[in-house]
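One structure is given below, encoded as structure tokens.
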């Protein structure tokens, strides 16, 4: 019985150790190293033939110069701020689109819900890269959207939409929309509709009942959907690279340039460590605040 309990509890911890803590330790070790024109492009390198002495010498050579470099160069904190701004606005837009869809799914007849759920999940059956590339044909100057607007007489000449922040927001909202719809739908599907009927019987209009009952009770789904969108969007690389322009600065592109163009692995690792801390610390603080609220309610 003890072994079963150990395996049940130990399996997620082992998974966390193997696929989070160990990679995090490797990245942190690179962040404390120095760049070098060599293979691998950093120093010091652990020499296993020297045993504990080699490990001690490697640790003694670590420093925090790469993190200091991030503070001295304006590029990095501008990229962080730009990524946080784009991620926050994209998350808000995604939730605004996702909530009506999820609410409609939750209020749809029972026999229609599997089909609607399949429609939300269906984009996952195709390649993420292909779906992003498809927006080039839609948003380009000769794309479907400009041609449609010209044919309808709304504009006389094509509007530049591709390689702008607008295209990035469109791509992010479209790509991450299912991640917001599903948790919101899961919350709304459990909503007791008799509460709405009781509110209307007590004199509330449908709009008032929505604001007073549906929206507060859907808060867990909104929070979960917001996190599922915000966290990956902060480090997004593919969408701003394909749909964004040269002025679209996000930390994912900075990481790519440091790793593959500059081959400065230590600085790139320091950028990744700071990005991870920017995401983890607010989440931990938010979870603790939620626990205090639940304890107070009990």
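Would you mind checking segment 204-243 for residues with the amide N under 14 Å from a putative spin-label position 7 Å along Cα→C-beta of residue 141?
none
Note down the nm distance, to one decimal, between modelled labels 7 Å out along Cα→Cβ at residue 131 and at residue 16.
3.0 nm
Starting from the Cα gyration tensor of the chain, multiply each eigenvalue by 5, take the square root, and state the resulting semi-axes largest first in whole Å.
The answer is 42, 31, 18 Å, longest axis first.
Compute the relative contact order of the chain as a whole-number percentage, counting only Cα pairs closer than 8 Å that sit 6 or more residues apart in sequence.
27 percent
Taking 0.36 nm per residue of separation and subtracting the Cα-Cα distance, what length does fully extending residue 277 through residue 75 add?
Result: 70.9 nm gained on full extension.
Sort the following peptides by mean Cβ neighbour count (other Cβ atoms within 10 Å, averaged over residues), highest first: 275-284, 218-227.
Descending mean neighbour count gives 218-227, 275-284.
Report the FRET efficiency, 1/(1 + (r/R0)^6), for residue 295 and residue 190, where r is their Cβ-Cβ distance and R0 is 30 Å, rounded to 0.05.
The formula returns an efficiency of 0.85 here.
For segment 110-260, calculate the relative contact order in percent as a whole number, restricting contacts to Cα pairs under 8 Å that are 6 or more residues apart.
Taking the mean separation of contacting Cα pairs over the length of segment 110-260, I get 26 percent.
Remind me, relative contact order of segment 1-118 in percent, using alpha carbon pairs under 8 angstrom and six or more residues apart?
Contact order relative to length: 13 percent.
Relative to the present Cα-Cα distance, how much length would full extension add between residue 85 and residue 45 at 0.36 nm per residue of separation?
Length gained, residue 85 through residue 45: 10.6 nm.
Every number in this text was worked out from the coordinates using simple rules, so none of it is lab data. All figures in this text were calculated on a predicted structure; none of them were measured in a lab. No Cβ is skipped: glycine too gets one built from the backbone with ideal geometry, and neighbour counts run over all protein chains shown.
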